[in-house]
Amino acid sequence: MIKLSKRLQTIADYVKRGARIADIGSDHALLPTYLVQSGVCPSAIAGELNAGPFRAAKKQVADAGLQARITVRQGNGLAVVMPGETDTVTIAGMGGSLMSTILEEGYAAGKLDGVTELVLQPNVGEDDVRVWLLEKGWYLSHESILEEDGKIYEVLHAVSRDVQPSATSNETLYEGSFLKLPYDKEVLHRVLLRMGPHLLRQGSSVLTAKWRSEIGKLERIIAQMSASEGTESTLKAEQFRKEISIIEEVLQCLRTEIPSSN
């Protein structure tokens, strides 16, 4: 059986046993190969747009002797999937904006019909993905954050309203009073979308490290702006300072014990 990286293993651990998965942007098809080899999934689709990774995925599946159970298809996003063909969709290793576009196009084309589970690992722009899930009524059931080879990754696990039918679930999830911060509901809602409602409830050294790094990036941008004159630069720098202040206050909250809640 192939061995996955820590990042891919975290994604694999979320996939429901017995699910027919479609791994979009599958690269070398490591994830679907592992899930079928380990008996988690009876079948899988590996979708890849680019020719090189598509050929690599086909070779991986052939080397594992799983051509009868894993279908490798070349195409853009969820275009490789037929409606009702899969229960679980996994997408990893791309920006959150692109991931949201793939999900939106697939949703509009009916490609998510019958899908009850999404496991998503955006490299950046996680808030874009959370916003899409929220707008489409998906419930963000779990989040993980991990560090591997000097990079920090977030993995989002969402279930459809068929699995999580309560209309108040997302309202409760993105209600930020547990942070005990002097901000209105709208600001707290944005904080949870950006930093992760489950991640903030759990708290971790990796989460703190990620946002310390983000503060450093914002401070460097502000320093560069200080050399520029003009109202626009001044306003933008002030916006970034406010952003830093909010992140700092959130991190201060994480130093105290925050009760776990779903």
Next item on the list: Please indicate, with yes or no, whether at least one residue in the range 96-108 is on the phi < 0 side of the Ramachandran plot, not charged (D, E, K, R) and not in a helix (DSSP H, G or I).
Entry: no
Checklist line | Residues (at negative phi and either surrounded by fewer than 16 Cβ atoms within 10 Å (Cβ to Cβ) or in contact (Cβ under 8 Å) with a residue 60 or more places away in the chain (or both)) located in the range 50-72 | finding: 50, 51, 52, 55, 59, 62, 63, 64, 67, 68
Checklist line | All positions within the range 84-117 that are farther than 17 Å from residue 143 by Cα and of a type in the set (D, E, K, R) | finding: 85, 87, 104, 105, 111, 113
Check: Which one of these is open to solvent by less than 20 Å² (accessible area, probe 1.4 Å), of a type outside the set (Val, Ile, Thr), at pLDDT 95 or above and part of a loop (DSSP other than H, G, I, E, B): 78, 112?
Finding: 112
Checklist line | Single match in 150, 137, 216, 230 (criterion: of a type outside the set (D, E, K, R), over 21 Å from the mean Cα position of the chain (by Cα) and at positive phi) | finding: 230
Next item on the list: Take residue 217 and decide whether it is open to solvent by 80 Å² or more (accessible area, probe 1.4 Å) and over 25 Å from residue 153 (Cα atoms).
Entry: no
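Has the range 95-109 got any residue that is touching a strand residue (DSSP E or B) at 6+ places or on another chain (Cβ under 7 Å), farther than 13 Å from residue 45 by Cα and open to solvent by 40 Å² or more (accessible area, probe 1.4 Å)?
No, the range 95-109 contains no residue that is touching a strand residue (DSSP E or B) at 6+ places or on another chain (Cβ under 7 Å), farther than 13 Å from residue 45 by Cα and open to solvent by 40 Å² or more (accessible area, probe 1.4 Å).
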Notebook entry, point to check: Which pairs do you get when a residue that is over 17 Å from residue 7 (Cα atoms), found in the range 123-150, comes within reach of a residue that is at pLDDT below 95 and open to solvent by 50 Å² or more (accessible area, probe 1.4 Å), reach meaning Cβ atoms under 6 angstrom, with the pair 6+ apart or on two chains?
Noted result: 137/161; 139/164
Notebook entry, point to check: Among the residues of the range 187-213, how many are small (Gly, Ala, Ser) and either under 19 Å from residue 133 (Cα atoms) or within 16 Å of the chain's Cα centre (by Cα) (or both)?
Noted result: 1
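The values are calculated or read from the model by the stated rules, or taken from the named source; none is laboratory data. Given the structure is predicted, the values throughout are model-derived calculations rather than measurements. In this analysis, Cβ positions are derived from the backbone assuming ideal geometry, glycine residues included, and neighbour counts consider all displayed protein chains. Accessible surface is based on the protein model in full, side chains and every heavy atom, while ligands, DNA and RNA are left aside. Shrake-Rupley method; radii C 1.70, N 1.55, O 1.52, S 1.80 Å.
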